[in-house]
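Structure record follows, encoded as structure tokens.
We did not get these values from a lab; they are worked out from the coordinates using the rules stated. Note that this is a predicted model, so its numbers are computed, not measured. Glycine gets a Cβ as well: all are built from the backbone with ideal geometry, and neighbour counts include every protein chain shown.
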Ligand SMILES: [Zn+2]
Ligand SMILES: [Zn+2]
């Protein structure tokens, strides 16, 4: 039987072979997608999932979209009923608290803080449960890839030319610095090629002309490769 490390190595190798943009983005997104799938089929009534879902006040917009795409109206409706009841109750309680706060002489700063007083669990809510799963699995995949680069199972050239900017940054933790230096060099050269591609696109399209589907794809590819995440920060 394969140990978990072996299984992770197989997944990392397959992600490099899949040729779907950054292999680490692919693995991370897949772990979120698997979680969404199993959530709807197995965990909708599971106590620990329900608690996480409640403490996060539902899911982030990206994962709600995946939930809806699963086409399970019953599962989604069960979760949304619970969320709507929770939100309605909290808004009612907060309304009573807000009315009770002294309105006289409140400064702008005090008013700003009142959200923290009446709805502290919303302000400090937990991360979306699916984002949390993605972050945990990302750590495992990155550390596996780091070992695979170090022992030569993953070619540093392949890694440097396929990883997005975000995952190049995140790989720093998992590689000795001389190898990380090589990885950064490959990535820098790859990004220069993207700049040159964009330069050719700039020359090819006239100003004000909407890009064709092919050009749209090229733009999206560069955006994906260079975007740093903001949506996974604590919401
Ligand atoms: Zn990535
Ligand atoms: Zn999420």
- Of (1) within 16 Å of ligand 1 (Cβ to nearest atom); (2) touching a residue at least 60 places away in the same chain (Cβ under 8 Å), residue 53 fails just (1)
- Given the conditions (1) touching a helix residue (DSSP H, G or I) at 6+ places or on another chain (Cβ under 9 Å); (2) closer than 17 Å to residue 13 by Cβ, which single one is not true for residue 151? (1)
- Give the residues of the stretch 148-172 that are touching a residue at least 40 places away in the same chain (Cβ under 8 Å), more than 13 Å from ligand 1 (Cβ to nearest atom) and outside any loop (DSSP other than H, G, I, E, B), sorted by residue number. 148, 158
- Message: Can you tell me how many residues within the stretch 18-50 are free of Cβ contacts under 8 Å to residues at least 40 places away in the same chain and within 16 Å of ligand 1 (Cβ to nearest atom)?
- Response: 6
- Restricting attention to the stretch 106-120, does a residue exist that is under 28 Å from residue 170 (Cα atoms) and either loosely packed, with under 13 Cβ neighbours inside 10 Å or away from ligand 1 (no atom under 16 Å from the Cβ) (or both)? no
